[in-house]
Amino acid sequence: MPKLTRWFIKTALVYLILALALGLVLASAGIFPQPFSVGGLTSVYFHLFMVGWVTQLIFGVANWMFPTLNREAPRGSETLGWATYYLVNAGLLLRAIGEPLLASGGAALWAILLVLSSALLVIAGLAFLVNNWNRVRGR
Amino acid sequence: MPPLSIWYVRSALVHLLIGFTVGGLMLANKGMPFAPELWLLRSAHIELLFVGWLIQLGMGVAFWILPRFWTPPVRGNETGAIVSLVLLNVGVWLVVVGTVWRSGYVLALLGRLSEVGAAIAFASHLWPRIVPRQS
């Protein structure tokens, strides 16, 4: 299993745990006082699950299993591959910090984090598409 | 990877990028509101990513990877899979337009109907290929 795939999948597993733990926190909203706005956390929960776990798992397995390009660069650009990894995770972490803080009446800094997060995630999606487009091919 | 899978997976990749872009715009708007009407795109964002990206990618990989027959055509009758590709993509965009355009509930309904058709067509193609190793 290539290194980038291992990083994607192990990180995805961490997000799975984080998402489920956050789900537990949200489920306890009626019992225990919440430090942050539940509304802000719900979106984070959903995106930790769908982007952090599901999409990142797909990225990792696709990097491993999609048809190779050639002998020199079988999995496309290593740089672009790693860029995708860092962009997705940076974007998600900024969102996980900024969204609940902004929803709880936070400062302009949290707003900037969200804008930055959105840019990083969109670029990550573009990087993955560009790096894997030609790997979606026949024999 | 067979040609039909290439169509499925590349279409899924395009939907991933569009879905991420729509989501990114909504997130940025959440931080620094510049276009409140972006919230109308929430259902479209979900549709693009759940159906356009995830389900479509799953179908494309399933068509490629699941057991093949010993004799040609090795993937059996591909008509169902072809019909499914068309119905799924038409369905996604009918739902996207129908949910963004406030009076478009009929379009959204037609879109969902199309997606159900895609699922039935895909299942009808794939069913005979779900076999144990000895078959």
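Nothing in this text is a laboratory measurement; each read-out follows from the coordinates by a stated rule. These figures come from a predicted structure and were not determined experimentally. Heads up, the Cβs are rebuilt from the backbone with ideal geometry, glycines too, and the neighbour counts pull from every protein chain shown.
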| said: Would the stretch A:70-139 count as rounded, prolate or oblate if I go by the C-alpha gyration tensor, calling it rounded below 1.5 in a/c and otherwise prolate when a/b exceeds b/c, oblate otherwise? | reply: prolate
| said: Of B:61, B:28, B:16, which is farthest towards the positive pole of the protein assembly as shown's charge dipole, taken about the Cα centre with +1 and -1 on the beta-carbons of Lys, Arg and Asp, Glu respectively? | reply: B:61
| said: Quick check: pseudo-label points 7 Å beyond the Cα along Cα→Cβ at residue B:124 and residue A:70, how many nm apart are they? | reply: 4.4
| remark: The size of the Cβ-based charge dipole (Lys, Arg +1; Asp, Glu -1) of the stretch B:1-123 about the Cα centre, to the nearest 20 debye, is 100
| field | Distance cut-off 27 Å, percentage of C-alpha pairs in the protein assembly as shown lying past it | value | 46
| message | Taking only the Cα atoms of the stretch A:3-135, how large is their convex hull per residue, in Å³? | response | 86
| field | Mean shadow area of chain B, taken as a quarter of the surface of its Cα convex hull (nm²) | value | 8.8
| field | Estimated dipole of the stretch A:3-135 in Debye, rounded to 20 [Cβ of Lys and Arg +1, of Asp and Glu -1, Cα centre] | value | 340
| query | With springs only between Cα atoms under 10 Å, which of A:109, A:121, A:18 fluctuates most in a Gaussian network model of chain A? | reply | A:109
| request: Sum up the charges of everything whose Cβ sits under 15 Å from the Cβ of residue B:125, counting Lys and Arg as +1 and Asp and Glu as -1, but leave residue B:125 out. | output: +2
| query | Which whole-number percent is the relative contact order of chain B (Cα, under 8 Å, 6+ apart)? | reply | 26
| query | Counting Lys +1, Arg +1, Asp -1, Glu -1, what net charge surrounds residue B:94 among other residues with beta carbon under 13 Å of its beta carbon? | reply | -1
| query | Where the centre of each part is set by its Cα atoms, how far does the stretch A:77-102 sit from the stretch A:1-31, in angstrom? | reply | 14
| Alpha carbon centre of the stretch B:14-31 versus the stretch B:93-135: separation in Å? | 23
| said: Let me check I've understood the local charge: for residue B:60, count other residues with C-beta under 14 angstrom from its C-beta, Lys and Arg +1, Asp and Glu -1. What total comes out? | reply: +3
| said: Helix-only estimate, please: 222 nm mean residue ellipticity of chain A, summing -39500 (n - 2.57) across DSSP H runs of length 4 or more and dividing by its residues, to the nearest 500. | reply: -23500 deg cm²/dmol
| request: Order by neighbour count: B:105, B:8, fewest other Cβ atoms within 10 Å first, most last. | output: B:105, B:8
| remark: Taking Cα pairs closer than 8 Å and at least 6 residues apart, the relative contact order of the stretch A:3-135 in percent is 31
